[in-house]
Amino acid sequence: MDPWLIWLIVAGVLAVAEIFTLTAALGLLSAAALVTAGSAAAGLPPPLQFFVFTIVSTVTVLFVRPVALRHVLRPQVERFGVDALVGKAAYVVSEVTGLGGRVRIDGEEWTARAYDETLVIPPGKTVDVMEISGATAIVYPRD
């Protein structure tokens, strides 16, 4: 069997293993094996093939992997769904107490409770959404 074909099989096995582990390391080793397959096809002797594999895998794991992980593990910038409502202003439709009430957030009516259970917020006031608990907005009046 030709050496380039062996390196190509190694690259394929590492790529499949990367799919199951999602570590980014095996994928980079797969790329190094692919580059080594190209060097083997160009006629490099086996000791130089191992040298090429070592150099390419070291460079990719040490320099490319941290950059890739930084992009993958970056915190989510955009908030979606009910998380996007936290911090928004709401309009009190019916009196809000620690037990219940109704507010309008972005044109939709929500059940609401006061963040401080001793507060009574009259209709017409503007409040801030502090959190969403189920289908209930927990609100606090603006001053």
Residues of segment 84-124 that turn out to be exposed (fewer than 15 other Cβ atoms within 10 Å of the Cβ) and among the hydrophobic types (A, V, I, L, M, F, W, C), as a count: 5
Filtered residues of segment 71-89 (kept if part of a loop (DSSP other than H, G, I, E, B) and within 17 Å of the chain's Cα centre (by Cα)): Leu73, Arg74, Pro75, Gln76, Val77, Glu78, Arg79, Phe80
Pick from segment 22-42, criterion among the polar types (S, T, N, Q) and modelled with pLDDT of 90 or more, ranking: nearest to Pro66 (Cα to Cα): Ser30
Flag for Leu73 being without any contact (Cβ under 8 Å) to a residue 24 or more places away in the chain and within 22 Å of Ile19 (Cβ to Cβ): yes
All positions within segment 73-83 that are open to solvent by less than 100 Å² (accessible area, probe 1.4 Å) and aliphatic (A, V, I, L, M): Val82
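The values are calculated or read from the model by the stated rules, or taken from the named source; none is laboratory data. Keep in mind that this is a model prediction, so the values were computed, not measured. Virtual Cβ from ideal backbone geometry, glycine too; neighbours counted across all protein chains shown. Keep in mind that these areas ignore ligands, DNA and RNA; they rest on the heavy atoms of the full protein, side chains included. Shrake-Rupley method; radii C 1.70, N 1.55, O 1.52, S 1.80 Å.
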